[in-house]
Amino acid sequence: MSTETLIRPDASTSTITQDKARRRGAESTPGAKARLVLAHVCIYVAALIFVSPLVYAFFSALKPNSEMFSMPPTLIGSEIRWSNFVDVFAYGPFVTYIGNSFIVAVLGTLVTLIVSTTAGYAFGRLRWKGRDAVFILFLATLMVPAEVLVIPMFQVMQWFDWVNTYQALVLPFAFGAFGTFLMRQFFRGIPYELEEAA
């Protein structure tokens with residue numbers, strides 16, 4: 001091996017450097033700047049479209065009740081009533097609603113993480129007979145629309161005597177295929193050699 005071969009820079013490194021220089025030169029052209037401005041304008045317009053319902057809902061919460069569904073609709077009512085946010089607690093157990101949502105969200109997330117991680121590990125790491133066939137059947141459940149499952153799910157909850165309980169809101173949705181699929185792909189991406197070395 002000659003010294004010339006050792007000193008010569010790698011071809012892939014010089015190609016990367018050339019690509020960077022070419023990109024820098026392309027970004028300084030007027031056409032590239034116009035495309036960049038157009039992209040930013042499109043992003044801001046899309047953000048405005050997505051935020052506008054939230055802004056309208058907030059200002060609607062400040063209107064008097066009589067103006068809530070007035071035609072034509074207005075963004076701001078004749079008066080601003082901050083007391084509406086206090087009055088909502090008089091009409092119903094709003095704190096209970098928030099508490100229920102918090103409990104269901106936290107428990108649902110924890111149970112889904114535990115189930116998806118363990119099932120994903122079993123499908124991605126363990127070798128057992130019929131693993132791929134069972135996984136395909138498991139994935140096939142993603143094609144079933146949620147609307148089809150509402151009545152059977154309610155009947156199962158009645159059978160377990162779980163109607164109006166937290167477990168009825170948490171457990172049925174914890175065994176979905178999507179989280180398991182993501183965790184399986186993650187576990188399959190880890191080299192077996194790394195696991196053996198640990």
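The values are calculated or read from the model by the stated rules, or taken from the named source; none is laboratory data. Please read all numbers here as calculations on a predicted model, not as lab measurements. Neighbour counts run over all protein chains shown; Cβ positions are idealised from the backbone, glycine included. Each accessible area value is taken on the protein alone, full model and side chains, heavy atoms only, with ligands, DNA and RNA left out. Shrake-Rupley method; radii C 1.70, N 1.55, O 1.52, S 1.80 Å.
Annotations
- Every residue from the stretch 73-127 that is closer than 14 Å to V170 by Cα and either hydrophobic (A, V, I, L, M, F, W, C) or open to solvent by 90 Å² or more (accessible area, probe 1.4 Å) (or both): F102, I103, V104, A105, V106, L107, L110, V111, L113, I114, V115
- Verdict on A47 being open to solvent by less than 60 Å² (accessible area, probe 1.4 Å) and modelled with pLDDT under 90: no
- Scope the stretch 166-198; condition among the small types (G, A, S) and either over 19 Å from the mean Cα position of the chain (by Cα) or in a helix (DSSP H, G or I) (or both); matching residues: A168, A174, A177, G179, G189, A197, A198
- The C-beta contact set for the stretch 56-76 (first residue aromatic (F, W, Y), second residue assigned to a loop (DSSP other than H, G, I, E, B), distance under 9 angstrom, 6+ apart or interchain) comprises Y56/P73; Y56/L75; F59/T74; F59/L75; F59/I76; F59/G77; F59/I80.
- Taken over the stretch 151-165, the criterion of being open to solvent by 90 Å² or more (accessible area, probe 1.4 Å) and either charged (D, E, K, R) or assigned to a helix (DSSP H, G or I) (or both) is satisfied by I151, F154, Q155, Q158, W159, D161.
- Residue match in the stretch 15-34 (condition: open to solvent by 80 Å² or more (accessible area, probe 1.4 Å) and modelled with pLDDT of 75 or more): yes
- Applying the condition of being without any contact (Cβ under 8 Å) to a residue 24 or more places away in the chain and aliphatic (A, V, I, L, M) to the stretch 95-113 and asking which residue is farthest from L182 (Cα to Cα) yields V95.
- Only one entry in V115, V106 is modelled with pLDDT of 90 or more, aliphatic (A, V, I, L, M) and under 30 Å from F58 (Cβ atoms), namely V106.
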